[in-house]
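Okay, structure first, notes after.
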Amino acid sequence: MKSTLRLSGHRHPYLMAAVVFLVLCVVNAILQPSFLKFGVATSNVAAFLPMALVAIGQTYVVLASDIDLSAGAIVSVVNVVVVSIIEGMGGTGASIAAGLTLGIAVGLICGAVNGLCVAYLRFQPIVTTFATGIVFAGFALWVLPEAGRQVPPEFYLAYAGTVLGVPTVLWILLAAIAFAGVIARTRFYQALRATGGNIQAAYQTGVPVARVRLRAYLLSGLFAALAGLALVGETASGDPLIGGALTLASVTAVVLGGTALSGCIGGVAGSILGAFILGLINNVIFFAQLPFAWQGLIQGLIILAALAGGVVMARGRQET
Amino acid sequence: MPILEASGIRKQFGGVVALAGADFSLDAGAVHALIGSNGCGKSTLCKIIAGSVAADAGTIRLDGNPVSFSDPQEAAAAGIGVFYQELSLVRPMTVAENIYLGREPRMRTGLLDRDALRSQAENALEQFRSVIGTGVHPDARVADLSADQSQLIEILKVLAANPRIIILDEATAALDRNQVDAVFHRIRALKADGCAIIFITHRMDEVFEIADRVTVMRNGLTVLSQPIGQTSHDEIVAAMVGDVMPPARRERKHVPAQETALEVEQLSAAKLAGVSFKARRGEILGLGGLHGQGQSALLRALFGALPLKAGSIQVDGKRLAPKGPRTVMRRSIAYVSGDRARHGVMAIRPIFENLVISLLSRERRVVVQTERLERETRPFIERLKLKFSSLQATVAELSGGNQQKVVLARWLATHPSVLLLDDPTKGIDIQTKEDLYSTMDELCSQGVCILLHSSDDEELLGISDRVLVFNGGRIVAELTGEQRNRQALYEAAYATAPAAA
């Protein structure tokens with residue numbers, strides 16, 4: 001049993017996350033009997049989607065052994081820019097299209113700034129993205145000093161509605177998974193993992209390491225932008241502080257999902273599970289009706305336990 | 001016309017001249033052996049040809065046209081494939097992913113064809129199937145492979161790019177005889193296909209077995225280039241050694257005592273295969289040989305920085321179990337590394353803190369008694385003629401030589417009875433070296449036992465009382481008296497390594 005577990009740990013770094021996810025689903029279903037109903041499940045997906053999207057983008061950066069501490073701030077910037085553009089242009093269909101396009105463009109520009117500083121100017125990733133994050137967050141506050149403004153009902157109704165009988169949020173999640181599945185089968189993805197695993201070896205093998213790292217940050221910016229758009233749909237308004245907590249939550253989701261902060265090992269599937277784990281922990285704490293004072297404590301302990309499981313499996317991996 | 005021609009290549013790293021106008025020419029369909037002792041410039045020359053290091057001067061012609069590669073990608077595009085001595089494998093990735101990194105087979109959609117990747121890797125592995133051992137398959141992770149298996153994978157990776165010029169920098173270092181045969185078989189096939197191969201090795205028998213031509217480098221210059229049929233083992237060794245002058249013997253005060261200070265029996269660890277020897281009080285015991293044959297590993301194992309697999313160590317007749325540097329230090333053993341940046345100084349901290357760290361970690365006091373510590377270290381600062389503005393200045397402000405003196409003074413302050421010196425004079429100036437030599441002499445007169453590993457053969461032969469020559473993790477010769485000369489050292493160092501551990 002132990003040896004099969006180890007073997008699976010090596011092939012599937014997200015296995016531990018899957019186990020924790022299922023356990024939390026069972027606990028949640030016991031505490032909240034309606035948990036398995038389609039409507040409740042959909043609203044859970046809607047609630048967890050922004051974090052899952054940021055975690056997907058963060059995964060690519062972490063696989064290259066870098067980190068993006070500005071991801072949450074990019075979410076905020078995109079959120080307020082989109083709301084401002086749509087409102088400013090009068091809330092027409094054209095304004096929504098312009099808002100979506102420019103929102104994604106802003107995310108990519110933020111990612112490009114990070115990537116250029118880290119990959120080409122060789123700035124230290126943690127400090128650089130921490131600093132650019134402050135800049136992005138400041139920019140978001142400048143665009144929209146306090147939460148407010150409105151998007152037209154078409155926007156948030158479409159987000160909360162269904163397409164071909166399937167909820168829009170599920171479509172978005174499925175599209176993101178499909179996109180990640182395609183990326184995982186490209187030469188770029190192999191180059192990304194090689195860069196994270198041994199940057200010197202990758203360089204000597206002719207992998208364009210700087211370009212690869214830049215692209216990872218672009219992906220992080222893109223997915224942070226998508227998360228910002230999802231939050232517009234969710235809240236129907238703008239909030240310059242909405243993304244702040246998502247940065248470290250996304251890193252936590254990535255690590256819970258079995259991706260190594262040292263790079264190379266892991267993948268998007270685990271990060272999505274990690275994001276859902278973080279969401280479910282909040283659900284469980286809410287439905288367990290724990291006193292407020294206990295919530296932080298329990299949340300932290302569950303995350304630590306999930307991490308410990310991953311560490312035990314990683315040890316097994318190294319010993320084989 | 002040669003396929004590749006390098007002429008007048010110069011390269012300096014900081015103040016050290018690596019290449020002083022080296023020439024090299026390579027013909028298609030030939031194996032050209034490139035040899036020379038540690039630091040002769042052969043690896044630098046290869047890195048320049050491969051585009052990973054830029055030359056200061058000189059020209060490289062490919063098919064007669066001058067080229068200058070700014071990165072390895074350009075060299076690879078021109079058909080140059082390199083086996084890197086330190087390997088260029090990504091350990092967490094699989095064998096198949098590593099062999100075809102950057103040239104993975106793709107389907108018409110542009111996505112990776114994983115089945116093709118696996119079957120191509122399977123085919124590539126087939127060439128070495130009979131010698132590569134168990135556990136190697138396309139989906140195995142490189143991290144799970146042994147050193148020899150990884151080397152064979154690196155070779156397959158180089159060949160997967162179909163290069164027409166192949167540089168093999170110590171590609172056979174970790175391989176056993178059967179594996180070498182399999183690699184040579186492959187090299188001969190490549191040669192027949194018109195590939196040109198630069199073959200770097202430290203094993204002389206391999207040179208005569210596979211090479212068509214041999215070039216010897218010394219001190220950054222090409223000193224011999226001959227078709228293999230027109231030269232001999234002795235001529236090659238002589239070219240590597242240079243003027244066969246006995247190394248200058250230094251005047252010395254110390255005379256080794258008869259008492260054994262350190263006794264090592266059958267010590268095994270990573271890179272060490274059953275090493276036994278005795279070192280006496282007041283003796284400088286040199287550890288020589290080619291780079292990385294176990295000299296450094298022995299010193300780090302003795303200091304508890306490298307886990308032991310087997311063997312026993314006795315210091316002054318009492319057993320020592322090196323559980324870690326802390327336990328070893330308490331037995332009056334000190335270790336000084338030549339790799340100051342990594343193992344020596346804390347560059348951004350004051351000189352004083354760098355000096356007293358060894359005393360602090362030995363005496364387990366809670367409160368630092370600054371004045372007493374300064375009193376205790378002062379004599380050693382003076383003895384080593386350390387030059388500094390203030391004890392509160394950071395070590396980073398000192399020259400390399402003075403930094404090394406700080407590290408040495410730090411350890412001398414603990415009054416060691418056994419001093420382990422791991423290439424202590426690497427990259428430091430002559431005056432500082434002289435200071436270190438006279439300090440070593442003085443320490444030995446006081447009964448200290450010094451184990452000295454040096455990559456500078458002249459220094460090693462000149463100041464050691466005896467020299468143990470390492471080859472493949474074993475001691476293959478002991479040089480005493482008049483035997484302490486380059487000829488004898490190289491004969492032992494370049495002999496075929498005993499079967500890999």
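Read-outs: derived from the displayed coordinates by stated rules, not from any lab. Since we're looking at a predicted model, the values are computed, not measured. Methodologically, a virtual Cβ is constructed for each residue, glycine included, from the backbone with ideal geometry; neighbour enumeration extends over all protein chains shown.
Odds and ends about this structure:
- Take the conditions (1) more than 18 Å from A:Tyr189 (Cβ to Cβ); (2) over 26 Å from the mean Cα position of the chain (by Cα); B:Asp113 misses just one of them, which is (1).
- Set B:Glu482, B:Glu458, B:Glu397: member being surrounded by fewer than 22 Cβ atoms within 10 Å (Cβ to Cβ) and in contact with a Pro (Cβ under 7 Å, 6 or more places away or on another chain): B:Glu458
- Members of the range B:273-296 that are assigned to a strand (DSSP E or B) and in contact with a Lys or Arg (Cβ under 6 Å, 6 or more places away or on another chain): B:Ala273, B:Leu285
- Within the set A:Thr162, A:Thr186, A:Thr132, the sole residue that is in contact with a Lys or Arg (Cβ under 9 Å, 6 or more places away or on another chain) and either of a type outside the set (A, V, I, L, M, F, W, C) or within 14 Å of chain B (Cβ to nearest Cβ) (or both) turns out to be A:Thr186.
- B:Ile99 being in contact (Cβ under 8 Å) with a residue 40 or more places away in the chain, under 26 Å from A:Ala260 (Cβ atoms) and more than 10 Å from every other protein chain (Cβ to nearest Cβ): yes
- Filter pass, A:Ile281 being within 14 Å of chain B (Cβ to nearest Cβ) and surrounded by fewer than 24 Cβ atoms within 10 Å (Cβ to Cβ): no
- Only one of the listed residues (A:Val40, A:Val20, A:Val27) is among the β-branched types (Val, Ile, Thr) and over 20 Å from A:Ala306 (Cβ atoms). That residue is A:Val40.
- The one condition in (1) within 14 Å of chain A (Cβ to nearest Cβ); (2) more than 21 Å from the chain's Cα centre (by Cα) that B:Asp169 fails to fulfil: (2)
- Where a residue in the range A:151-168 is at negative phi and its partner, wherever it lies, is in a strand (DSSP E or B) and polar (S, T, N, Q), with Cβ under 8 Å and at least six apart: A:Thr168/A:Thr162
- Qualifying residue in the range A:47-63 (condition: part of a loop (DSSP other than H, G, I, E, B) and either surrounded by 24 or more Cβ atoms within 10 Å (Cβ to Cβ) or of a type outside the set (Asp, Glu) (or both)): no
- Only strands (runs of 3 or more DSSP E) whose full extent lies in the range B:175-255 are considered here, and none of them has at least 3 residues that are out of contact with any strand residue (DSSP E or B) (no Cβ under 6 Å at 6 or more places or on another chain), more than 20 Å from B:Leu489 (Cα to Cα) and not basic (Lys, Arg).
- Flag: B:Phe69 matches the condition of being within 14 Å of chain A (Cβ to nearest Cβ), within 29 Å of A:Ala191 (Cβ to Cβ) and not acidic (Asp, Glu).
- For B:Pro92, the criteria (1) within 14 Å of chain A (Cβ to nearest Cβ); (2) part of a strand (DSSP E or B) hold in every case but one, which is (2).
- Candidates B:Ser390, B:Ser438, filtered to the one that is surrounded by fewer than 22 Cβ atoms within 10 Å (Cβ to Cβ) and not in a loop (DSSP other than H, G, I, E, B): B:Ser438
- Within the range B:310-326, being in contact (Cβ under 8 Å) with a residue 40 or more places away in the chain, assigned to a loop (DSSP other than H, G, I, E, B) and more than 19 Å from B:Thr414 (Cβ to Cβ) holds for one residue alone: B:Gly317.
- Taking helices (runs of 4 or more DSSP H) as the structural unit, those lying wholly within the range A:178-282 and holding at least 2 residues that are β-branched (Val, Ile, Thr) correspond to A:209-235, A:246-256.
- Selection of the range B:444-455 for residues being assigned to a helix (DSSP H, G or I) and buried (at least 21 other Cβ atoms within 10 Å of the Cβ) yields only B:Cys444.
- Identity of the residue in the range B:73-89, more than 17 Å from the chain's Cα centre (by Cα), facing chain A (nearest Cβ under 10 Å) and hydrophobic (A, V, I, L, M, F, W, C), that ends up farthest from B:Lys47 (Cα to Cα): B:Leu89
- Hey, B:Glu122 of a type in the set (Asp, Glu), in contact with a Pro (Cβ under 8 Å, 6 or more places away or on another chain) and more than 9 Å from chain A (Cβ to nearest Cβ) or not: yes
- Filter result for the condition that a residue is under 29 Å from B:Glu170 (Cα atoms), of a type in the set (S, T, N, Q) and surrounded by 18 or more Cβ atoms within 10 Å (Cβ to Cβ), over B:Gln230, B:Gln226, B:Gln293: B:Gln293
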